Every structure is written in C-alpha cells, then in structure tokens.
1. If you place +1 on the Cβ of every Lys and Arg and -1 on the Cβ of every Asp and Glu, how big does the dipole about the Cα centre of the chain come out, in debye to the nearest 20?
2. Relative to a virtual label point 7 Å from the Cα of E192 in the Cα→beta-carbon direction, which members of segment 64-99 show backbone nitrogen distances below 19 Å?
3. Considering every Cα-Cα pair within segment 111-206, what fraction, in whole percent, is farther apart than 24 Å?
4. Quick check: from the Cα gyration tensor, does the chain come out rounded (a/c under 1.5), prolate or oblate?
5. Once you sort the root eigenvalues of the Cα gyration tensor of segment 46-96 as a ≥ b ≥ c, which label holds: rounded (a/c under 1.5), prolate (a/b larger than b/c) or oblate (the other case)?
6. According to a simple spin-label model (label point 7 Å from Cα along Cα-to-Cβ), what is the distance in nm between A29 and S70?
7. Testing the spin-label approximation: label points 7 Å from Cα along Cα→Cβ at S174 and S106. State their distance in nm.
8. How do the peptides 199-205, 42-48 rank, highest first, by the average count of neighbouring beta carbon atoms within 10 Å per residue?
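Any read-out appearing in this document is the output of simple, stated calculations on the displayed coordinates, not a laboratory observation. Remember, it's a predicted structure, so these values are computed and weren't measured experimentally. Cβ atoms come from the backbone with ideal geometry, glycine included; neighbour counts cover every protein chain shown.
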Amino acid sequence: MSAPKKKYLISLCFLLLTSTCFSAERGKALFNLCISCHGQQGNGDKEAGGPAIAGMPQYYIEAQLEKFVSNARGAHPEDDNGNRMRPMARTLATEDIKIVAEFVASLKPVAPIATLGGDPEKGKAAFTVCASCHGQSGEGNPIMHAPPLKYSNDWYLLRQLIHFKAKIRAGDPSTDPVGSVMTAMAGTLADEQSMKDVISYVQSLK
C-alpha cells in the first residue's frame, strides 16, 4: 500500500471514530431530557406515564418522534401522555432525532414486571393476529414497521390498545397509515379484559 493511500485510510478511520464518539455523547446528552418520564436507564416510569424504551429499535423510535413532531401522534385531546410527549419531541432538531434514537436503541432492555393479571392462555389465540406483524416471539419486524413487544410495560400496551381502538391514536390514516393498521387490529379485541389477556401472553414470550 502506498504511503498516501495509507495516510488517507488512517485519516478516514480517525474521522469515523471521532464522529461515532460525538454521536454517542450527543445522544446521551439528549437522553437526559427523557429520563424524567422514561427513567434513568429508559426502563419506564408508570407514575410519570413514560413507557420503557430501552433497546427499542432505532427505526421505531425515529418514526414515533417524527410523528409527535408532525402532529400525527399526541395531538388528540384525550391523549394526556401524548400531549406531554409532543412538545418534548419538538425540541429536537431533525438530526438529533436520529442521534437520540440510536442512543436509546443501545440501552439494555429489562423484562417488565406484570401488573395487569391477564390470562396468557386466553390471550395466546388472539396473539396469532399480532404475530403477523410483531413476530411469533414478539421480536418486531422492521419491514412491517412493527416494534418488538416483549420488553414493553403491560400498562403501556393496554393504554395504547385502548387508544388505538378509540382512534385516540392513529385515528387519521392520512397522517399515520402504519398506525392506522393497529386501529383495526385493536378493534378485534372485544373488551379490556381481552386486551389484558393478549398482553399477558406477550409478556410470557422469551
């Protein structure tokens, strides 16, 4: 390898390393805005209404932040938690959305504590419909824009199913076509107990 080419490759590696370190530090600093609701490690805080987000895929975090910014999510008057999240998302510059989403995705998720008392056996059959997008093990599917479920707080999943069914979330297919698929799926669940049962099954997945 010629000396000029070697020098160029060394310089390129240095620039990439510097850029990566800056991105990580910037992501950590931005995440400090999130901890009051989502917890120090991103594992959620029920009292604050902030769900666990640690380890959620970057593509999903980015998409949700962009929806909050554009009013596609969190603008409904009955979505109290979304109303609080929307102005927070709007403090982020476009490039910072990607950076903080990358940092959140790097955090280690933990298994959530069950709080709802649903019946996983009853929920197993209902989950068959969910698995087509979210995966048989609740691992998520980036092609379907479907997030993983197994590390999500059960109280948060219940709230989102209720909101989807009532069209408090993703009520307008023109602004959230991906989310609007969930309004139909949530509508297949007869009542809140059915929702608790399928969520209980989700939390039994490994």
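1. Numbers: 22 positive and 20 negative charges, 155 e Å.
Using only the charged Cβ atoms, the result is roughly 740 debye.
2. Zone members listed by number: 78-82.
3. Numbers: 560 of 4560 pairs.
Here the tail beyond 24 Å accounts for 12 percent of pairs.
4. On the way: a/c = 2.11, a/b = 1.80, b/c = 1.17.
Taking the square roots of the gyration eigenvalues as a ≥ b ≥ c, the chain is prolate.
5. Judged from the Cα gyration tensor, segment 46-96 comes out oblate (a/c at least 1.5, b/c at or above a/b).
6. Between S70 and A29, the label points sit 2.8 nm apart.
7. Rounded to a tenth, the inter-label distance reads 4.1 nm.
8. Details: 199-205: 21.9, 42-48: 16.9.
Output ranking for 199-205, 42-48: 199-205, 42-48.
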